[in-house]
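Read-outs: derived from the displayed coordinates by stated rules, not from any lab. Note that the structure is a prediction, hence the values are computed from the model and not measured. Here the Cβ positions follow ideal geometry from the backbone for every residue, glycine too, while neighbour counts run over all protein chains shown.
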Amino acid sequence: MNKKLCIGVLTSGGDAPGMNAAIRAVTRTAIYNGIEVKGIMRGYKGLVFNEIIPFKTENVSNIIQRGGTILKTARCDEFRTPEGRKTAYDNMVAAGINALVVIGGDGSMTGAYQFAREFDVPIAAMPGTIDNDLYGTDTTIGYDTALNTIMDAVDKIRDTATSHERLFFIEVMGRSAGFLALNGAIASGAEAAIIPEMYTEADQLDELISNGMRKSKNSSIVLVAESELTGGAMGLAKRVQEEYPQYDVRVSILGHLQRGGSPTASDRILASRMGEAAVNALLDGQRNVMIGIQNGNLVNVPFSKAIRDDKPIDRSLMNMVKILSI
Ligand code: F6P
């Protein structure tokens, strides 16, 4: 039974530090169990355009410490069409692959869910995204590294913000989720976080401004999640500068540097554990599950749950940001 399994592994969507550690863990766990494994290049694109490479243990040597993904990644329009998925399935079968491990974010998970239902392909997925926006897992591969990158960047910006007595709006990634902004603010001691999940509630910004940026402080840092709901750092800065011309306002958009860099120990360990668990799930005959982590324990989350768009954020932490910045 084990001998018959042939796993194809791919990374899809935005890359995240730790994806290479995940590819390594999947490859080596498969080979250890006598299972064939093949690397699929450029996410679902590699299935549609038939870029599939047989993997040996050496293919994943010396990659655990590297950011990005050796398999490359893409967002694939062709895979969104029924014809594209049919071609992907035919190529997969022709390559002898009969199970998939998909490493990616919510878009990749949605694609996997659809593919699995249409073609009855067993798939184990791993949450790989810096955004941490997948339901059913406390954290995702790449999130910890991105948080640390944000913390380092904000530490540096604080030096100049303090010297010039400025109010800085720093925009971080997260598309429609505030995990990076909120926890980045806590880790860097920022004065406020503006996140899409709470954009209609108590306007921290107004509070911060009306307190005169606090009597004990002459500079402030506000972390803003990139999102239409928050208006982004540029929008907020413009508003504040117009309303409070006495403040010297600056904007810094951290952008894609948040996605790069060597993964932290925490992300490497998470990716290794999840990679092993993904292969074991397929070996156990499980299908269409995302490996998640809850309270330190690995769990199998059905795709239908993982792609829900309401992963809760701990709202009490917003209040804590405020308390700790007095
Ligand atoms: O989903 C990961 C992510 O980094 C988001 O936080 C961000 O909005 C998006 O990808 C950026 O995508 P791209 O690299 O295609 O510009």
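Diagonalising the gyration tensor over the Cα atoms of the chain and scaling each eigenvalue by 5 before taking the square root yields semi-axes of 42, 18, 17 Å, largest first. Under 17 Å between alpha carbons, and skipping anything fewer than 8 positions from Lys72 in its own chain: which aspartates and glutamates qualify? Counting by Cα, and skipping residues close in sequence, Lys72 has these aspartates and glutamates nearby: Asp15, Glu51.
Full extension of the chain between Glu243 and Asp120 gives 38.5 nm of extra length, using 0.36 nm per residue less the Cα-Cα distance. The lysines within cross-link reach of Lys56, meaning a Cα-to-Cα straight distance under 16 Å and a gap of 8 or more places when in the same chain, are Lys3, Lys38. The charge dipole of the range 48-136, taken about its Cα centre with unit charges on the Cβ of Lys, Arg, Asp and Glu (plus for the first two, minus for the last two), comes to roughly 180 debye. Other residues whose C-beta falls under 13 angstrom from the C-beta of Asp133 contribute a net charge of -4, scoring Lys and Arg +1 and Asp and Glu -1.
Of all GluC sites (Glu not before Pro) in the range 101-182, which ones are in loop regions per DSSP and have a Cβ with at most 13 other Cβ atoms within 10 Å?
For GluC sites (Glu not before Pro) across the range 101-182 that sit outside H, G, I, E and B with at most 13 neighbouring Cβ atoms in 10 Å, the list reads Glu165.
Taking max minus min of the alpha-carbon positions on each principal axis, the range 192-311 gives extents of 64, 30, 25 Å, largest first. For the chain, the longest principal axis of the C-alpha atoms and the axis of helix 19-32 are separated by about 30°.
Contact order, relative form, for the chain: 23 percent (alpha carbon pairs under 8 Å, 6 or more residues apart, mean separation divided by residue count). Each Cα pair under 8 Å and six or more residues apart adds its separation to the average, and for the range 145-259 the resulting relative contact order is 38 percent.
When the Cα convex hull of the range 145-259 is projected onto planes of every orientation, the mean area is 6.4 nm². Pairs from the table (Lys217/Lys311; Lys217/Lys238; Lys4/Lys45) lying more than 28 angstrom apart at Cα are Lys217/Lys311. Sites listed here are trypsin sites (Lys or Arg not before Pro) in the range 1-50 whose DSSP assignment is loop and whose Cβ has at most 11 other Cβ atoms within 10 Å, and the list is empty.
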